[in-house]
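Quick notes on the structure that follows.
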Amino acid sequence: MKPLHSLERKLVLSLAKNGEGLLEDVAIKADMTLDQARRAIEWLRSKNMVEVKTTTRYIIEIAEEGKRAIEHGLPERRLVEVLKKLGKEVKLDELSKAFDSTPQEFSAAFGHARARGWIDTDNGKKTVKLTSDKISSEESLLRMFVAKKKLFLDEFKEEKRAALSELIKRPGYFTKRPVKTIFIMLTDLGRETAETVKEVKEIDNLTPELIISGRWRELKLRPFDVEAVAPTSYPGKKHPVQRFIDEVKEAFISLGFEEIVGPIIQPAFWNFDALFVPQDHPARDMQDTFYIPNIKDTKTSSLDLIENVSRTHTDGGDTGSKGWGYDWKLDESKRLVLRTHTTAVTVKYLADTRASEAKVFSVDKVFRNEKLDTKHLAELHQIEGIVMGRKVTLRDLMGVLSEFYKILGLKKVKFWPTYFPYTEPSLQSIVYVEDFGWMELCGMGIFRPEVTLPLGVKNPVLAWGGGLERLIMTRLHIEDIRELYENNLGWLRKVPLCL
Ligand code: PHE
């Protein structure tokens, strides 16, 4: 048998002793709060030890007119009293005058009195006489409400029910409303359990006193029921996107990478120029890029790389390239943008460190002037990494990437050639995601000499970058990327912690 919680034991014993009943009474008899009783009943029900019957009962409550009738009598009773005073047989209009109410009230009282058989008319309905004055069933019904204001409909006898259905038709006499009642009873198993429970005295709390005195040796400790139903709780937790970011960072770190971070606002110089993106490239357009209006970067012009980058764009400079063959403008490179990719941070890192070897990554926010839809956000995260070394090759790049995505649970990766202005060769990759199919992953390549040489970087740099949110979508089985940032509490609560 599953171990019972102390509340369960208490309730089973009380039900066996005091018998079944309504939830409220059962709780009182078991000496529990309503809440404790509810919990114990829920657990016992899942163990088949109690049965719960929920029914709807109707409460009948006396209302204003009804109270008045209790005090002054029903209108038909008042009418009969007036008639008695006037002499048991009177003219109809005299009676009406003496009753002193509106014609509608008089005729209603008159109708009811006649229906009870209390009065009758004579002389072509001109005179009224008293025929009886015995108590009506409506009156005896009203008496039931002298002491109590509310009664359950099912407590009424047949004849009282008929009277009630008559009186309830009159406005303002009674109100009728449904209430749920919960009836608790023991099952056979519950009864058997009560018998066995009686004998063993189990304790729930191992207190310091019990341990120090050694009394715990004589007592039986209640084992935990780890399968007991418990209320669902929703503790605070990290946002699913942040959890995935942490996981991606872990994956990089486990492969020996170090994290780099940089500002969200960048001069076009780092976002585009240093990456050999020509100044008339469509990606620089306002349609694709958010520019910060009215201010320009102040540091760019003093960079000692300006000359190198400018010449590389114009005619290739010392890189052996022909460049783009246009007139490079410093002013354009000083415009500020919300970075469109984390490659801006990567290239600045290369320029700043001028190291010969590196394995660094970033997982950070980027911005694109996109129309929002199920697959596109304007503010999103990119995963980006580079490996720089004397002998690294395209094969290493594909190997590192396959390894990296394997850690994230994505095993099938494919590559094919593509184009970026800053890499050569350039590759695009797709991965196979269970229940989803093939999906685009990231762009990558080896930085062109037009990018590395002006920065003073000699060794080849393998680089890749791609979206983070799409990966989360496949993980969480989300169809609309915007859901990730809607902060819908219902959804946030339900997202499992382990995936
Ligand atoms: N910056 C590219 C993008 O935003 C990805 C990329 C990074 C491509 C590094 C090649 C090398 O899509």
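The values are calculated or read from the model by the stated rules, or taken from the named source; none is laboratory data. If you're wondering where the values come from, they're calculated on a predicted model, not measured in any experiment. Here Cβ is always computed from backbone atoms with ideal geometry, including for glycine, and neighbour counts include all displayed protein chains. For accessibility, only protein heavy atoms count, side chains too; no ligands or nucleic acids. Shrake-Rupley method; radii C 1.70, N 1.55, O 1.52, S 1.80 Å.
Tabulated data for the structure shown
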| item | result |
| --- | --- |
| Candidates per GluC sites (Glu not before Pro) in region 217-295, loop by DSSP, up to 15 other Cβ within 10 Å | E227 |
| Chain lengthening between D352 and K322 when straightened (0.36 nm per residue, less Cα-Cα) | 8.2 nm |
| Members of K329/K359; K237/K411; K299/K329; K249/K411 lying beyond 23 Å, as alpha-carbon distances in this model show | K329/K359; K237/K411 |
| Among the listed pairs K134/K160; K220/K494; K406/K494, those beyond 28 Å (Cα-Cα) | K220/K494 |
| Label-to-label distance, nm, for residues given as E403 and L476 (7 Å Cα→Cβ offset) | 3.0 nm |
| Net lengthening on full extension, E158/S140 (0.36 nm per residue, minus Cα-Cα) | 5.2 nm |
| Shape of region 43-144, Cα gyration tensor, a/c cut at 1.5 | prolate |
| Folded to 0 to 90 degrees: helix 188-199 orientation relative to the chain principal axis, Cα | 80 degrees |
| Acute angle (nearest 10 degrees) that the helix 240-254 long axis makes with the longest principal axis of the chain, alpha-carbon atoms | 30 degrees |
| Helical contribution to [θ] at 222 nm, DSSP H n ≥ 4, -39,500 (n - 2.57), averaged over the chain, rounded to 500 | -11000 deg cm²/dmol |
| All Cα pairs of region 243-494, percent lying beyond 30 Å | 27 percent |
| K53/R170 FRET efficiency (R0 41 Å; Cβ-Cβ; nearest 0.05) | 0.75 |
| Hits among aspartates and glutamates - C-alpha to C-alpha of K88 under 15 Å, sequence gap 8 or more where chains match | E76, D120, D122, D133 |
| For the chain: accessible area per residue (Å², 1.4 Å) | 56 Å² |
| Length-normalised contact order for the chain - Cα pairs under 8 Å, 6+ apart - percent | 13 percent |
| Radius ratio Rg over Rh of region 288-400, counting only Cα atoms, Kirkwood formula for Rh | 1.01 |
| Translational D in µm²/s for region 194-307 (Stokes-Einstein at 10 °C, 1.306 mPa s, Kirkwood Rh from C-alpha pairs) | 71 µm²/s |
| Degrees, to the nearest 10: 137-147 long Cα axis against longest axis of the chain | 60 degrees |
| Magnitude of the charge dipole, the chain, Cβ model with Lys/Arg +1 and Asp/Glu -1, debye to 20 | 1940 debye |
| Percent breakdown of C-alpha pair distances by 10 Å bin, ordered from the shortest bin, for region 75-135 | 26, 65, 10 |
| Accessible surface of region 75-135, 1.4 Å probe, proportion on carbon and sulfur as whole % | 50 percent |
| Spatial extent of the chain: Rg and Dmax, with the Cα atoms as the point set, Å | 43.4, 133 |
| Cα-based convex hull volume of region 433-472 per residue, rounded to whole Å³ | 83 Å³ |
| Gained length - L22 relative to S132, 0.36 nm times residue gap less alpha-carbon distance | 35.1 nm |
| Estimated FRET transfer efficiency (E61, Q104; beta-carbon r; R0 35 Å; 0.05) | 0.85 |
| Share of carbon and sulfur in the accessible heavy-atom surface of region 243-494 [1.4 Å probe, %] | 51 percent |
